[in-house]
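Engineer: The following block contains the structure, expressed as structure tokens.
Laboratory data are not the source of any read-out in this text; all were calculated from the coordinates shown. In this text, all values refer to a predicted model and were calculated from it rather than measured experimentally. Note that we place each Cβ from the backbone using ideal geometry, even for glycine, and neighbour counts take in every protein chain shown.
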Amino acid sequence: MSLHSRSTGSRGYLKKIFINKLTKKNFNPTQFLKLQKFLSSQGIVLKKKNSFNIGFEKFRTLYLTGLSSFIIIMIAFIAPIFSEFEPKIAKNLKINESNKKFKKVLEGGDIENKSKIDEGLDLSNILEDVFKFEEIPQDTVRLSASTIEQLFKDTDYSLSEVRKNKKVKPIRLSLLPNEIKQIESSKKRKNLFIQIILPLILEENSLILIDRKRLFSILNKNKNSKKEINWLNRKFKQYGVLNKDIPTLKVRMDIVPVSLAIAQAAKETGWGTSRFALEGNALFGQWTWSGDGIKPAGAESDTKHKVMKFKVLKASVRAYQRNLNTHSSYKNFRQLRAQLRDDNEKLDSLLLADQLDNYAETGKEYTKILKQIINQNSLKDFDDVKLMPLSVKYKNLI
């Protein structure tokens with residue numbers, strides 16, 4: 001209990017007289033009422049002490065601060081639920097908002113709504129950059145097999161060295177030698193074929209990886225330049241992406257393992273000896289129903305498809321990469337490749353080969369042969385090799 005007095009002179013006296021009587025142990029209700037009446041006559045008000053109020057007054061600031069902090073935290077936690085966070089890749093391509101949705105994708109995270117990714121294809125521009133090779137004046141002389149072998153020898157370009165140091169000389173040839181089919185030694189013929197197409201495959205993969213890195217850089221920026229937006233628009237066209245869908249572009253813009261590309265070229269051309277390869281620089285047997293092509297020998301008269309032909313080998317390699325990266329028949333191939341990326345795994349050509357059963361009429365038998373070619377010729381040795389920069393020395397030799 002507490003004493004609130006309007007007369008301070010009697011406080012000490014009363015405290016001395018009644019201190020023992022007010023203890024809880026000796027408390028007498030009758031005496032208390034008499035005491036209360038007496039004090040009231042003396043102008044003293046006797047009130048019951050509220051211990052809670054004292055505690056509350058003492059810690060009032062602490063209570064209010066804690067309560068305020070809790071309310072602020074709850075508001076910050078709940079507010080995003082009622083907000084719209086979907087990035088809108090609209091006409092003006094506001095890529096700066098895509099960071100929220102695509103950050104996990106770009107860093108190898110799981111892709112959301114996978115069923116809606118990599119759907120549809122705009123065919124109007126996917127081979128535009130391939131056809132540009134046809135516009136370049138070509139005065140290239142077809143080198144003989146012996147000349148090419150000597151060129152490789154003079155530049156110290158051998159597959160044994162490539163397997164050892166993981167570097168490839170940037171010697172890019174435009175045509176296969178006619179004499180390749182006359183080389184009796186299968187090992188020698190295979191080695192020459194690989195040496196010719198290996199730099200071409202590596203170069204295309206390098207260009208794709210450069211583009212892929214730039215894509216990630218654009219998506220991670222808060223604001224994109226007009227140049228970057230124009231570049232994105234070109235890539236949407238090259239990869240036939242509908243509605244400027246960024247996740248689809250990311251899935252399609254990726255490399256084909258070197259070992260798998262070599263195996264398919266070997267299978268489709270008989271290690272460079274087929275008529276399609278020698279006459280049309282067609283390394284991968286791609287079909288066309290319009291434009292220039294080579295009609296397969298023995299094909300029925302009503303056959304409409306032809307094997308696509310190219311002026312240079314490089315164009316064939318690029319068209320092959322674009323085919324695997326866009327056509328609906330190879331969506332499973334791209335999905336598995338994306339999953340390997342998500343899991344931070346290497347792109348395994350043996351696993352990916354299983355997804356190419358639609359590439360040939362023989363289906364699963366075709367994929368089985370591809371894996372045999374890869375294993376029997378140790379082609380996976382070339383999956384991690386790098387293309388050396390093109391120097392003036394090598395450029396003058398080509």
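Engineer: Using the alpha-carbon centroid of each, what span in Å lies between segment 244-282 and segment 185-241?
Structural biologist: Between the Cα centre of segment 244-282 and that of segment 185-241, the gap is 13 Å.
Engineer: Between residue 386 and residue 68, what FRET efficiency follows from the Cβ-Cβ distance if R0 is 56 Å, with the result rounded to 0.05?
Structural biologist: After rounding to 0.05, the efficiency reads 0.40.
Engineer: Going by a ≥ b ≥ c, the root eigenvalues of the Cα gyration tensor, does segment 153-310 fall in the rounded group (a/c under 1.5), the prolate group (a/b larger than b/c) or the oblate group?
Structural biologist: oblate
Engineer: Continuing with this model, one more query. Would you please classify the overall shape of segment 95-397 from the alpha carbon gyration tensor, given that a ≥ b ≥ c denote the square roots of the eigenvalues, rounded means a/c under 1.5, and beyond that prolate means a/b larger than b/c while oblate covers the rest?
Structural biologist: Note, shape of segment 95-397 comes out prolate.
Engineer: For segment 201-253, rounded, prolate or oblate, judged on the Cα gyration tensor with a ≥ b ≥ c (square roots of eigenvalues), a/c < 1.5 rounded, else prolate if a/b > b/c? Can you show the working numbers first?
Structural biologist: Values: a/c = 1.81, a/b = 1.29, b/c = 1.40.
Oblate, because a/c is 1.5 or more while a/b does not exceed b/c.
Engineer: What pairs from 187/331; 227/386; 227/267; 181/237 go past 31 Å between their alpha carbons?
Structural biologist: Long pairs (Cα-Cα over 31 Å): 187/331; 227/267; 181/237.
Engineer: To continue, here is another question. With 31 Å as the limit, write out which pairs from 164/221; 244/368; 306/368 have Cα-Cα distances beyond it, or answer none.
Structural biologist: Working: 164/221 40 Å; 244/368 36 Å; 306/368 25 Å.
Flagged as over cut-off: 164/221; 244/368.
Engineer: Hey, can you rank 314-323, 157-166 by average C-beta count inside 10 Å, highest first?
Structural biologist: 314-323, 157-166
Engineer: Using a 7 Å offset from the Cα along the Cα-to-Cβ direction at both residue 371 and residue 207, what is the distance between the two label points in nm, to one decimal?
Structural biologist: For residue 371 paired with residue 207, the spin-label model returns 3.2 nm.
Engineer: Suppose each label sits 7 Å from its Cα in the direction of the beta carbon; what would the residue 362-residue 332 distance come out to in nanometres?
Structural biologist: So the label points at residue 362 and residue 332 sit 1.8 nm apart.
Engineer: Please compute the net charge surrounding residue 276, taking Lys and Arg as +1 and Asp and Glu as -1 over other residues with Cβ under 11 Å from its Cβ.
Structural biologist: +2
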